[in-house]
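The structure appears right after this line, and notes come after that.
No value in this document is a laboratory result; all are computed from the given coordinates. No experiment lies behind these values; they were computed from the predicted model shown. Positions of Cβ are generated from backbone atoms using ideal geometry, with glycine treated the same way; all protein chains shown enter the neighbour counts.
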């Protein structure tokens, strides 16, 4: 089992296959560059666009989508709280978007077997952001603009510029899964109940 480094690694966005190949479940990263923001409504709209044979409003090749719906910005701020939403809500849509070139997804919680298989196939990674730390994460966001689906309000598709945005690699392109690794370590370390009596 790979030893996990607790020293964050700086990664420039967008992602490439070469960078994805160096990432492993458990790696701590600081992302800098451009990413997109969208939740299930924006994902559904993108899939409908593709199914209609139309072009997406943004080119997803090498891009990362953060599953987040921001709260309204306070005066003088560019964005409100920016914490992750549960990623399973995007599981239906993610494989198709990976086929379009999507390389990174950021959210919280586990992904389906189908999504994990697609990550292996398309060399994409799933990154975890800390739930409940939306105010802290918003400080890493330096620019925000709505690029499509503004009728969806908080669920519109946005382009954001981030600086040292903290994430953990949850699923890598090799099938690594930090949740599975954590459970395996616990099972190994836990003695049988009869042995503790």
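Over the C-alpha atoms of region 79-118, the Rg to Rh ratio, Rh being the Kirkwood estimate, stands at 1.01.
Taking all C-alpha pairs of region 2-55, those more than 18 Å from each other amount to 55 percent. Taking 10 °C and 1.306 mPa s as conditions, region 95-142 diffuses translationally at an estimated 133 µm²/s according to Stokes-Einstein applied to its Kirkwood radius (Cα pairs). Each pair of Cα atoms in region 29-109 enters the Kirkwood radius, and Stokes-Einstein at 25 °C and 0.890 mPa s then converts it into a translational diffusion coefficient of 181 µm²/s. Relative to the longest principal Cα axis of the chain, at what angle does helix 40-51 sit, 0 to 90 degrees, rounded to 10? Around 70 degrees separate the two axes.
Angle, helix 113-122 long axis vs. longest principal axis of the chain, Cα atoms, 0 to 90°, nearest 10? Taking the Cα atoms of the chain, the angle to 113-122 is about 70 degrees.
From least to most packed, judged by other beta carbons within 10 angstrom and beginning with the fewest, 87, 94, 112, 81 follow the order 112, 81, 87, 94. Expressed as a fraction of 2.2 N^0.38 Å, the value expected for a compact globular protein of N residues, the C-alpha radius of gyration of the chain is 1.07.
Here the extension length gained between residue 117 and residue 180 equals 21.2 nm, from 0.36 nm per residue of separation less the Cα-Cα distance. One chain, two ends: residue 136 and residue 54. Fully extended at 0.36 nm per residue, the span grows by 25.8 nm beyond their Cα-Cα distance.
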